[in-house]
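Below is one structure, written out as structure tokens, with a few remarks after it.
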Amino acid sequence: MQNTFFDLESYENDIELEVNRDVLERIYADGIKPTDILPIEFYFLTDTKEKAVLFGDHLISKFPEYENIEIDDYDGDFEISGITDPKKMNLESVNEWNKTMWHLGYKFDCKLDGWQVGT
């Protein structure tokens, strides 16, 4: 598949793992601790519904413990969202999860657009 949304240059240069530290600092300010284990809400974007459906189906088959995998229209693009199984809320664990999702998303031309934790 030719990536028309999440191209190789973006894949190689835009992961920005340093943002995870900032997100975690805000989460910690809300009372979450690095040792807490919580599910992560995630959001991917892509440019066609077909890619979104293929990626959503892949997430369901690869991660059966993930919940609420949904696809929504998002200003002409498509958003794939869901909730992971509980993850440790330290930087190392979040970065490893982020890298896995970044690489997996690239294979389906779906870019990880963000994540959050309900507090």
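The values are calculated or read from the model by the stated rules, or taken from the named source; none is laboratory data. Here the structure is a predicted model, which is why all the values come from computation and not from measurement. Cβ placement follows ideal geometry from the backbone for every residue including glycine, while neighbour counts extend to all protein chains displayed. For accessibility, only protein heavy atoms count, side chains too; no ligands or nucleic acids. Shrake-Rupley method; radii C 1.70, N 1.55, O 1.52, S 1.80 Å.
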* Restricting segment 72-113 to residues that are open to solvent by 70 Å² or more (accessible area, probe 1.4 Å) and under 17 Å from Thr4 (Cβ atoms), the residue that is nearest to the chain's Cα centre (by Cα) -> Asp113
* Structure fact -> Filter segment 13-71 for residues that are at negative phi, assigned to a strand (DSSP E or B) and not hydrophobic (A, V, I, L, M, F, W, C); the one that is surrounded by the fewest Cβ atoms within 10 Å (Cβ to Cβ) is Glu70
* Have a look at Leu104, Leu112 and point out the one that is of a type outside the set (Gly, Ala, Ser), touching a Phe, Trp or Tyr at 6+ places or on another chain (Cβ under 9 Å) and not in a helix (DSSP H, G or I). => Leu112
* Among the residues of segment 30-42, is any in contact with a Lys or Arg (Cβ under 9 Å, 6 or more places away or on another chain) and of a type in the set (S, T, N, Q)? -> yes
* With respect to Tyr11, is the statement that it is under 15 Å from Trp102 (Cα atoms) and modelled with pLDDT of 95 or more true? -> yes
